[in-house]
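Notes follow once the structure below has been shown.
The values are calculated or read from the model by the stated rules, or taken from the named source; none is laboratory data. Quick caveat: nothing in here was measured; it's all calculated off a predicted structure. Cβ atoms come from the backbone with ideal geometry, glycine included; neighbour counts cover every protein chain shown. All accessible areas refer to the heavy atoms of the entire protein, side chains included, with ligands and DNA or RNA removed. Shrake-Rupley method; radii C 1.70, N 1.55, O 1.52, S 1.80 Å.
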Amino acid sequence: MTEVLITAPCSDEVKRRLREFENSCVFSFGDRKSDIGDAEAVIGEPRTEKIRQAKSLNFIQMTWAGADIYTCNGAFPQGIRLATASGAFGGVISEYVVGAVLCLYRRFPEYIENQRSALWRDAGAERTLEGKTALILGTGDIGSNIAKRLSAFGTKNIGIRRTGAPAQYFDEMHTLSNIDALLPRADLVIGCLPNTKETGHILNYDRLCLMKSDALFINVGRGSLIDTDALIRALEERRIAGAILDVLENEPLAADSPLWKMPNVLITPHISGRGFGHDPETEKKVWDICLENLRRYIAGEDIINEVDMNLGY
């Protein structure tokens, strides 16, 4: 019998689904702080120090899309297989991106303020997505779903990925080496990249200045993508029109950050792709991946979304 520790939130429905493994697994439940003990597999995101103390651990199935908590600190033990829940979040995050862009394009924050004051006043010219160019940094599950949904609005989608190979829903595909030439073309610059040594602060002040003055920056990938001080400076100098930030370099964002009070900035607390306690369908997708990978692990089959520690994803 395979001992499996589950540190992720586990509903009664999920526990019911675990019964299909009753002839092959013994389950225990805890949280990120729990000792792993003799468990051979973990579903969740145990702390690195707990992983290093584990005696029998062979496999960790994460419930997140990004693995940088393990790949960026150099402390993850060799020989332990790691998989993410990539594939569960593309739909919900892409809806966030479309909704947030439309919110700013159609000046909804201003109209909401007017409504609170019972003020019937035209806020001025709006913008539309039709005909805009979106530069999407990262074309995996999240980036591809964003491109798919934006294409319904008539956007031109340009992708940046490690290989530069073509992909569905993208009109053009490039590598990071072309970013300086692509930024001036984009109306929307959307960050979906993982946190790796190649992606940290690739958007600095000089690159922000390459963007159109009426362009929006949207980040739903990792906060490390952009230099926060550079972003603040670019916004203050009106080098870009605004930003939509669900992820930041340091979370939570400091209360004294100028970003909070900027009318052209929309900030959310890393919730664009949250499943547990948020969207039930996304949570189900996460567990579908986790349980399928547990089945594959027990059967000795290839695992979905297995992380390459050298690449960081």
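Before moving on, here are some points about what is shown:
- Cα-based Lys proximity count in the stretch 24-178, under 16 Å, for pairs eight or more positions apart or on separate chains: 4
- Extension gain (nm, one decimal) between Asp12 and Glu237, 0.36 nm per residue minus Cα-Cα: 75.8 nm
- Protection proxy ranking, highest mean first, for peptides 6-19, 30-43: 30-43, 6-19, where packing is the per-residue count of other beta-carbon atoms within 10 Å, averaged.
- For the stretch 161-289, the square roots a ≥ b ≥ c of the C-alpha gyration tensor eigenvalues yield an a/c of 1.5 or more together with a/b not exceeding b/c, which makes the shape oblate.
- For the stretch 127-200, a Kirkwood hydrodynamic radius built from all Cα pairs, placed in the Stokes-Einstein relation at 37 °C and 0.692 mPa s, yields a translational diffusion coefficient of 270 µm²/s.
- As a calculated quantity, the FRET efficiency between Glu249 and Asn23 at R0 = 35 Å, using C-beta atoms, amounts to about 0.15.
- With protein chains left intact and a 1.4 Å probe, residues in the stretch 10-130 average 55 Å² of accessible area per residue.
- Projected onto planes of every orientation and averaged, the convex hull of the alpha-carbon atoms in the chain covers 17.9 nm².
- Angle in degrees between helix 141-151 and the longest Cα principal axis of the chain, rounded to the nearest 10: 30
- Per residue of the chain, the DSSP helices (runs of n ≥ 4 H) give a summed -39500 (n - 2.57) that works out to -8000 deg cm²/dmol at 222 nm.
- For Cys209 and Asp302, the FRET efficiency from 1/(1 + (r/R0)^6), where r spans their Cβ atoms and R0 equals 51 Å, is about 0.70.
- Projecting label points 7 angstrom from Cα along Cα→Cβ for Glu126 and Leu311 puts them 4.0 nm apart.
- Reported value for the stretch 50-99: 83 Å³ per residue, from the convex hull of its C-alpha atoms.
- Near-label residues of the stretch 121-136 by backbone N, under 20 Å of a point 7 Å along Cα→Cβ of Phe153: 123-136
- Computed from the C-beta positions of Asp229 and Asn264, the FRET efficiency with R₀ = 22 Å rounds to 0.80.
- Gaussian network model of the chain, Cα within-10 Å springs - most flexible of Gly223, Gly191, Gly124: Gly124
- In degrees, nearest ten, helix 90-105 long axis to first principal axis of the chain (Cα): 20
- Å² per residue, accessible surface of the stretch 153-212 at 1.4 Å: 46
- Among Arg116, Arg239, the order of accessible area from largest down is Arg116, Arg239, computed with a 1.4 Å probe on protein heavy atoms.
- Added length on full extension, which subtracts the Cα-Cα distance from 0.36 nm per residue, Lys55 to Glu172: 37.3 nm
- Percent accessible area from carbon and sulfur atoms, the chain, protein chains only, probe 1.4 Å: 48
- Chymotrypsin sites (Phe, Trp or Tyr not before Pro) within the stretch 137-197, DSSP loop, no more than 16 other Cβ atoms inside 10 Å: Phe153
- Largest GNM mean-square fluctuation among Lys148, Lys132, Lys261, using the chain with Cα springs under 10 Å: Lys261.
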